[in-house]
1. Mind checking whether some residue in the range B:120-131 is at pLDDT below 85 and part of a helix (DSSP H, G or I)?
2. Would you point out which residue out of B:Phe136, B:Phe77 is surrounded by 14 or more Cβ atoms within 10 Å (Cβ to Cβ), within 13 Å of another protein chain (Cβ to nearest Cβ) and touching a residue at least 60 places away in the same chain (Cβ under 8 Å)?
3. Scan the range B:20-66 residue by residue and report those that are within 23 Å of B:Ala81 (Cα to Cα) and either more than 31 Å from the chain's Cα centre (by Cα) or small (Gly, Ala, Ser) (or both).
4. Filter the range A:48-64 for residues that are hydrophobic (A, V, I, L, M, F, W, C) and either within 23 Å of B:Phe77 (Cα to Cα) or more than 7 Å from chain B (Cβ to nearest Cβ) (or both) and give the result.
5. Counting just the residues of the range A:1-32 that are closer than 21 Å to A:Ile78 by Cβ and either among the charged types (D, E, K, R) or in a loop (DSSP other than H, G, I, E, B) (or both), which one comes out modelled with the highest pLDDT?
6. Quick test of your reading of the structure: B:Ser14 fulfils all but one of (1) polar (S, T, N, Q); (2) surrounded by fewer than 12 Cβ atoms within 10 Å (Cβ to Cβ); (3) under 25 Å from the mean Cα position of the chain (by Cα). Name the failing condition by number.
Amino acid sequence: MDSPEESRDLCQKAGYTFTFLSDPKLNAISQYDLVHKGQGENGRDIARPAEFLIDSSGTVRWRMLTENYWVRARPEQILDAAKALR
Amino acid sequence: MWAGFVLSIFAFLSYPLIFVNWAVTRDFPWANLFFFVVAAGLLFIGVRRAFAPNRRRVSKIVAAIVATLSALLLGMFIFTAFVAARWLPASAGAPQVGQAAPEFNLVDITGRAASLSGLRSQPINGKPAKGVLLIFYRGYW
């Protein structure tokens, strides 16, 4: 939901080098059915946290839809799932 | 008793300010619950002292209020951690394992267009990508 400029500031401060995308109109968030209405800043809609591992043919191979938004996928879980991708 | 009250406030605030930074204390807030338990012990001792027969009425009233406030802090913390954090939409439409991931067209931080099919086929260090890890990070409480 952050604009590209807001994300760019965050990336520069944090030193992230991976691809950061902006979805201010919640387009992708809606397509993946992750819209959480009214829970963002100032009552805006926000995404519920989720991670998807997609292979090179576009098929979902692993996903993590947390039941508690305090709990997210750990790096080890994602790396294990990624190793299974050939 | 006052130490117990201050510790309750610390137990409550230290989650977003301190313990959220490590997964082990973030996923299950055992550090905060530990501080709440110690605070409860201190409050119990303090409140019992305030209710001793030779103490003035004012200290009993203050003790009751402080203990109630601390209990409210604990209640709010437990509610937020274990109940409110689970209030998530059903997301039945989210792609399952084995389904095709929906195509998207978004913009990266430099303003360039990025699509799922584009990211999937983009080589990394000259080698074809094995896949795409898509993270919806929410980015807010």
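The values are calculated or read from the model by the stated rules, or taken from the named source; none is laboratory data. Treat the numbers as computed from the prediction; the structure is a model and nothing was measured. Cβ sites come from the backbone with ideal geometry, for glycine too, and all protein chains shown count toward neighbours.
1. Filtering the range B:120-131 down to residues at pLDDT below 85 leaves B:120-131.
Keeping just the survivors that are part of a helix (DSSP H, G or I) gives B:120-121.
Looking through the range B:120-131, at least one residue is at pLDDT below 85 and part of a helix (DSSP H, G or I).
2. Numbers: B:Phe136 fails: touching a residue at least 60 places away in the same chain (Cβ under 8 Å).
Of the residues listed, the single one that is surrounded by 14 or more Cβ atoms within 10 Å (Cβ to Cβ), within 13 Å of another protein chain (Cβ to nearest Cβ) and touching a residue at least 60 places away in the same chain (Cβ under 8 Å) is B:Phe77.
3. B:Ala23, B:Ala31, B:Ala39, B:Ala40, B:Gly41
4. Restricting attention to the range A:48-64, the residues satisfying the condition of being hydrophobic (A, V, I, L, M, F, W, C) are A:50, A:52-54, A:60, A:62, A:64.
Correct list: A:Met64 only.
5. Of the residues in the range A:1-32, the ones closer than 21 Å to A:Ile78 by Cβ are A:7, A:10-11, A:14-21, A:23, A:28-29, A:32.
Okay, now just the ones that are also either among the charged types (D, E, K, R) or in a loop (DSSP other than H, G, I, E, B) (or both), so A:15-20, A:23, A:32.
Details: A:Gly15: 65, A:Tyr16: 64, A:Thr17: 66, A:Phe18: 74, A:Thr19: 79, A:Phe20: 79, A:Asp23: 83, A:Tyr32: 86.
The selected residue is A:Tyr32.
6. Looking at each condition in turn, B:Ser14 falls short on (2).
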